[in-house]
Amino acid sequence: MLALLLAGCGSPKTVPPVKTKQAAVEAGPFFEEITASSGVDFQHWCGDGGKYFFPEVMGSGIALLDYDRDDDLDIFVVQGMPPSAVPTRTPPGFTPSRSSRLYQQVSSGHFEDVTDAAQLNDLEPYGMGVAVGDVNNDGWPDLYVSKFGKDRLWLNQQGKFQDVTEASGIRNPRWGTSCCFVDYDRDGWLDLYVVNYVDYFPAQRCVQANGTEDYCHPGQFGDSPARLFRNVTGEDKGDATSKEPRFEDVSLATGIDGKVGPGLGVLAADFTGDGWVDLYAANDAKANFLWVSKDGKTFQDEAIAAGAAYDAAGKPQSSMGVTSGDVDGDGRRDLFMTHLDGEYSTLYLQVARGVFEDRTAAAGLATPTYPTTGFGTALLDLDFDGDLDLIIGNGRVRRQDGAAPVQGDDFWQSYGERNQVFLNDGTGVFADVAAGTDGFLAAARVSRGLAVGDLDNDGDLDVVTSEVNGPARIFMNTAKWQGNWLSVRAIDPRYGERDAYGAVITVVAGDKRWQRDINPGTSYLSSSDPRAHFGIGTAQKVDKVEVHWPDGITERFRGNAAAGRVVLRRGDGEKP
């Protein structure tokens, strides 16, 4: 039993809640992979696979951002172990990228590596997660990279980046994983929330029941507190913008470090409906945390009372990636998170304000996710039929059934799994899509980071993924549209016209209502398109768009007969 507990990256196997086999449905294809022709040539390097260095199996993240403000999305990919950091042997024909890389989109679906020109070469290991946000309100998106090591804050100075970590006051010496920017106190400046994983020491070795070594269980190490850094840049400036970002660690003052956990996923949203952004932490093999904001001053973990800490059996799960959205159309924000094989990835429906229930089995998601290990994930309307579908990037963290390790250059093939796509029938019941010729589903991979965004600005959402010791991949959405769409960028002119993180967008067409958050920090170690994307089904016009801005003000904007891309500015709308 002890050996079983030592193996893998999550809790011991549990009995699946649903035993009936569900056939995958024939649909799509939904995605075409264009990596080879895109110009994105990134290769992740985890180090020497087979040494069971814990961070290497956790992978690294990926981000979509318009770093040069030319109205299309660029791609930033986090490198794990830069090859120059530790002398080592790489497999024949495999050339890992020498650092995290920035790719500028120069035409639709075509990218160029501009890392050197942007002065963004980060050569220090071990890269994990990434968050995107304009920390000094100058209108240019900045980057935060979490690490097993020293995290980094990169300030975007009109297309060139400067490492301002030390000067900013941000210090996180622990194993940082997922992170996000959020204006938790509604003062107009983006703060930073980082979850940390475990206090890992590489000398610890872990074996399976058959005596072979594999990656450790997080329970073999102590847990870590998360960090919350308040942005105090504007306090002594007297204006809404500054070029010198400064942060203060308020983890103790706000109560965030009152509980420790092996954090892997983060999500910032108002789960209680009181107008203040709460913080959700997905923990690996421990109870999840729902840090409920108390008027933007302190936080209290209410995950157990809210029903979002444990599964339906009252057990903690190996939570990795997390996403949210209204999957059943009742107007309430639901939660979905990915887990280890032998568990199931969990859908928590919000059944009343701030109250959740594990409805995974009823949603048809328990059986198909039970044998897989999910990491990056997203809820999105793939085909514009008006409901949220689900995608998961899969990849194992332990060899199946105690299998012996594969030696040599094929070490990682034992950890590969196919990704998954689930179609929503409109009521919150999902169907597993058969692989067919879909590029996203075509092959077994060790997927980790996953971000979604409209790369070609055609309205539908595309997907980028990262892999352990593999490439960053680009999957363009080729789904057959079932309706119309609307893309909303919400910005606040008072703060450098940056994206209004924390704004809630509601689109109304006839008797239909759809709601999205302006919040790119979801999934696993990744950051997605900051615009809100809506499929509006067969509706021929949008009657109105309501924006609940982060400071509590609500405005109404008039709709139009044709869907498309719109930019909404605070102050230009009407009072409802």
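The values are calculated or read from the model by the stated rules, or taken from the named source; none is laboratory data. Predicted, not measured: the structure shown is a model, and the values here were computed from it. Here the Cβ is made from the backbone with ideal geometry for all residues, glycine too, and neighbour counts use every protein chain on show. Only protein heavy atoms, including side chains, enter the accessible area calculation; ligands, DNA and RNA are left aside. Shrake-Rupley method; radii C 1.70, N 1.55, O 1.52, S 1.80 Å.
Condition check: of a type in the set (Asp, Glu), over 20 Å from the mean Cα position of the chain (by Cα) and surrounded by 19 or more Cβ atoms within 10 Å (Cβ to Cβ). Does Asp295 satisfy that? For Asp295, the condition - of a type in the set (Asp, Glu), over 20 Å from the mean Cα position of the chain (by Cα) and surrounded by 19 or more Cβ atoms within 10 Å (Cβ to Cβ) - is not met.
Of the residues making up region 143-157, those that are in contact with a Phe, Trp or Tyr (Cβ under 6 Å, 6 or more places away or on another chain) and not aromatic (Phe, Trp, Tyr) are Leu143, Lys147, Gly149, Leu153, Asn156.
Is it the case that Gly453 is surrounded by fewer than 22 Cβ atoms within 10 Å (Cβ to Cβ), under 28 Å from Gly521 (Cβ atoms) and out of contact with any helix residue (DSSP H, G or I) (no Cβ under 9 Å at 6 or more places or on another chain)?
no
The requirement of being closer than 28 Å to Leu102 by Cα, open to solvent by 40 Å² or more (accessible area, probe 1.4 Å), basic (Lys, Arg) and within 21 Å of the chain's Cα centre (by Cα) is fulfilled somewhere in region 417-428, by at least one residue.
Those residues that are over 30 Å from Val468 (Cα atoms), open to solvent by less than 60 Å² (accessible area, probe 1.4 Å) and touching a Pro at 6+ places or on another chain (Cβ under 7 Å), I need them from region 518-574; list them, please. Residues satisfying the conditions are Glu546, Thr554, Arg570, Gly571.
Looking at region 315-329, is at least one residue under 21 Å from Ala431 (Cα atoms), in contact with a strand residue (DSSP E or B) (Cβ under 9 Å, 6 or more places away or on another chain) and either open to solvent by 50 Å² or more (accessible area, probe 1.4 Å) or at pLDDT below 95 (or both)? Checked region 315-329: at least one residue is under 21 Å from Ala431 (Cα atoms), in contact with a strand residue (DSSP E or B) (Cβ under 9 Å, 6 or more places away or on another chain) and either open to solvent by 50 Å² or more (accessible area, probe 1.4 Å) or at pLDDT below 95 (or both).
Mind listing whichever residues of region 111-129 are outside any loop (DSSP other than H, G, I, E, B) and touching a Ser or Thr at 6+ places or on another chain (Cβ under 6 Å)? Phe111, Gly127, Met128, Gly129 - these are the residues of region 111-129 that are outside any loop (DSSP other than H, G, I, E, B) and touching a Ser or Thr at 6+ places or on another chain (Cβ under 6 Å).
At pLDDT 95 or above and open to solvent by 30 Å² or more (accessible area, probe 1.4 Å), is that true of Gly93? For Gly93, the condition - at pLDDT 95 or above and open to solvent by 30 Å² or more (accessible area, probe 1.4 Å) - is not met.
Here is a list: Leu335, Leu382. Which entry is open to solvent by less than 10 Å² (accessible area, probe 1.4 Å) and assigned to a loop (DSSP other than H, G, I, E, B)?
One residue alone meets the criteria, Leu382.
Which residues, counting only those in region 353-369, are hydrophobic (A, V, I, L, M, F, W, C), outside any helix (DSSP H, G or I) and open to solvent by less than 40 Å² (accessible area, probe 1.4 Å)?
Passing the criteria: Phe356, Ala363, Leu365.
For Leu264, the requirement of being on the phi < 0 side of the Ramachandran plot, open to solvent by less than 60 Å² (accessible area, probe 1.4 Å), free of Cβ contacts under 8 Å to residues at least 40 places away in the same chain and in a strand (DSSP E or B) is not met.
Here Asp311 passes the criteria (1) in a loop (DSSP other than H, G, I, E, B); (2) in contact (Cβ under 8 Å) with a residue 40 or more places away in the chain; (3) closer than 19 Å to Val266 by Cβ; (4) under 22 Å from the mean Cα position of the chain (by Cα) except the one numbered (3). Looking at region 134-250, the strands (runs of 3 or more DSSP E) lying wholly inside it that each contain 3 or more residues that are open to solvent by less than 50 Å² (accessible area, probe 1.4 Å) sit at 142-147, 152-157, 176-182, 191-196, 227-231. Is there a residue in region 340-357 that is of a type in the set (Asp, Glu), within 19 Å of Leu423 (Cβ to Cβ) and out of contact with any helix residue (DSSP H, G or I) (no Cβ under 8 Å at 6 or more places or on another chain)? Within region 340-357, none of the residues are of a type in the set (Asp, Glu), within 19 Å of Leu423 (Cβ to Cβ) and out of contact with any helix residue (DSSP H, G or I) (no Cβ under 8 Å at 6 or more places or on another chain). Filtering region 484-537 to residues that are free of Cβ contacts under 8 Å to residues at least 60 places away in the same chain and over 25 Å from Gly139 (Cβ atoms) leaves Thr506, Val507, Val508, Ala509, Gly510, Asp511.
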